[in-house]
Amino acid sequence: MTNQEMRKPVFIKLEDVQPATKGHNIVVKVVERKIVLDKRRTNGEGLRIAECLVGDETATALFTARNEQIDQMPEGAVVALRNCKVNMHKNFMRLAVDKWGVIKPVENVDLPTEKINSRNISAVEYELVNVNK
């Protein structure tokens, strides 16, 4: 096995995110967090899902946090979403981090709430168009 150096992540802004893509690294601030599902299964395991409104200077978007991810996304926190993907939910974009991604708190970065752009990219509806006729 060769000793390869790891590449440094390239961070993008929310305005550059496209529908149904993956592998994004984004630094965002959690503006709002709302638990939408909190239930127990018959085997005792829990399932928790929260919708978090996250944003940067360019836009805001909805992020779907699951189980332990919810605790990593308190309101007001600045986090780095590593290997983030864009899921399409009823033709609207939602950000998510699966088992291959990481949510990390970011120190040294201050995103004041008043600087966060209110343009919500998750509010834009996308339509699948067939180009082969």
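Values quoted throughout were computed directly from the atomic coordinates according to the rules given, and no laboratory measurement underlies them. Being a predicted model, the structure only gives us computed values, none of them experimental. Quick reminder, even Gly has a Cβ in these numbers, built from the backbone with ideal geometry, and neighbours come from all protein chains shown.
Karplus-based coupling profile of the range 98-112, in residue order and whole Hz: 8, 5, 8, x, 9, 10, 10, x, 10, 8, 6, 10, 10, 10, x, with θ = phi - 60° in 6.51 cos²θ - 1.76 cosθ + 1.60 and x standing for Gly or Pro.
First select every other residue whose beta carbon is under 10 angstrom from the beta carbon of Lys115; then total the charges, Lys and Arg +1, Asp and Glu -1. Write out the running numbers ahead of the final one.
Working: positive: Lys29; negative: Asp56, Glu57, Asp110, Glu114.
Cβ neighbours under 10 Å give a net charge of -3.
Shown here is the pair-distance distribution of the range 1-66: with all Cα-Cα distances grouped in 5 Å bins from zero up to the longest one, the shares run 4, 14, 17, 17, 14, 11, 10, 8, 5, 1 percent.
If you put +1 on each Lys and Arg Cβ and -1 on each Asp and Glu Cβ, how big is the dipole of the chain around its Cα centre, in Debye rounded to 20? Before the final figure, lay out each step's value.
Working: 21 positive and 18 negative charges, 109 e Å.
With only Lys, Arg, Asp and Glu charged at Cβ, the dipole is about 520 debye.
With a cut-off of 13 Å between beta carbons, the residues surrounding Trp100 carry a summed charge of +3, where Lys and Arg count +1 and Asp and Glu -1.
Over the chain, dividing the summed -39,500 (n - 2.57) contributions of all DSSP H runs of at least 4 residues by the number of residues returns a 222 nm mean residue ellipticity of -500 deg cm²/dmol.
Going by average Cβ neighbours within 10 Å, how do the peptides 74-87, 27-40 rank, with the highest at the top? Could the numbers behind the result be given before it?
Numbers: 74-87: 17.2, 27-40: 14.8.
Packing proxy ranking, top to bottom: 74-87, 27-40.
Compute for the range 1-116: radius of gyration divided by Kirkwood radius, i.e. Rg/Rh, restricted to C-alpha atoms, rounded to two decimals.
Details: Rg = 15.1 Å, Rh = 15.0 Å.
Ratio value, two decimals: 1.01.
Other residues whose C-beta falls under 14 angstrom from the C-beta of Gln18 contribute a net charge of +2, scoring Lys and Arg +1 and Asp and Glu -1.
When every Cα-Cα distance of the range 48-133 is counted in 10 angstrom steps from zero, the calculated P(r) takes the values 16, 46, 29, 7, 3, 0 percent. Residue pairs exceeding 27 angstrom between C-alpha atoms, taken from Lys8/Lys39; Lys39/Lys115; Lys39/Lys85; Lys34/Lys90; Lys13/Lys39; Lys39/Lys99: Lys8/Lys39; Lys39/Lys115; Lys13/Lys39.
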